[in-house]
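Everything on this sheet refers to the single structure shown next.
The values are calculated or read from the model by the stated rules, or taken from the named source; none is laboratory data. Only a predicted model underlies this, so the values are computations on that prediction, with no experimental measurement involved. Here Cβ is always computed from backbone atoms with ideal geometry, including for glycine, and neighbour counts include all displayed protein chains. Accessible surface areas use protein heavy atoms only, side chains included; no ligands, DNA or RNA. Shrake-Rupley method; radii C 1.70, N 1.55, O 1.52, S 1.80 Å.
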Amino acid sequence: MTFYLILCRSLTHAQRVLQALVRAGISGQLMRTPRNLSPEGCGYCVRVAEHQLSNTLKLLHQRGLTPERIYIQNGSLFSEVSDDLP
């Protein structure tokens, strides 16, 4: 299964993102950002399934919860993507 990681600027930001998703009925998972994706060495992200990305991004932009970066995860491989996806 393909997932997207929504990188957040802080733990609090990630918690707010997850809370907004849960309230909208979108499932997500709060997790530590993989070390190779975080130049600072630490960070938090919210992982969502591929089929939920479009609704997730719309919701986050409406709520002013702009992601730092977004990565697609295929197994153990990550690729950065634009946040203006359909």
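May I ask you to derive the relative contact order of the stretch 1-53, considering only C-alpha pairs under 8 Å and at least 6 residues apart, and to give it as an integer percent?
50 percent.
At 7 Å along Cα-to-Cβ for each site, give me the label-to-label distance between S27 and L11 in nm.
2.6 nm
Please report the carbon-and-sulfur percent of the accessible area for the chain; probe 1.4 Å, protein heavy atoms only, DNA, RNA and ligands left out. It would help to have the intermediate numbers written out before the result.
Numbers: 2420 of 5120 Å².
Exposed carbon and sulfur together represent 47 percent of the surface.
Can you find, among I6, P67, M31, the residue farthest towards the positive end of the dipole of the chain? Put +1 on the C-beta of Lys and Arg, -1 on that of Asp and Glu.
Value: M31.
With N denoting the number of residues in the chain, provide Rg(C-alpha) divided by 2.2 N^0.38 Å, to two decimal places.
In units of the globular-protein estimate, the chain measures up at 0.97.
To the nearest 20 debye, what charge dipole does the chain have about its Cα centre, counting +1 at the Cβ of each Lys and Arg and -1 at the Cβ of each Asp and Glu?
Here the size comes out at about 300 debye.
Under the 0.36 nm per residue contour assumption, what length would be gained going from the current alpha-carbon distance of K58 and S82 to full extension?
Additional length available on full extension: 7.3 nm.
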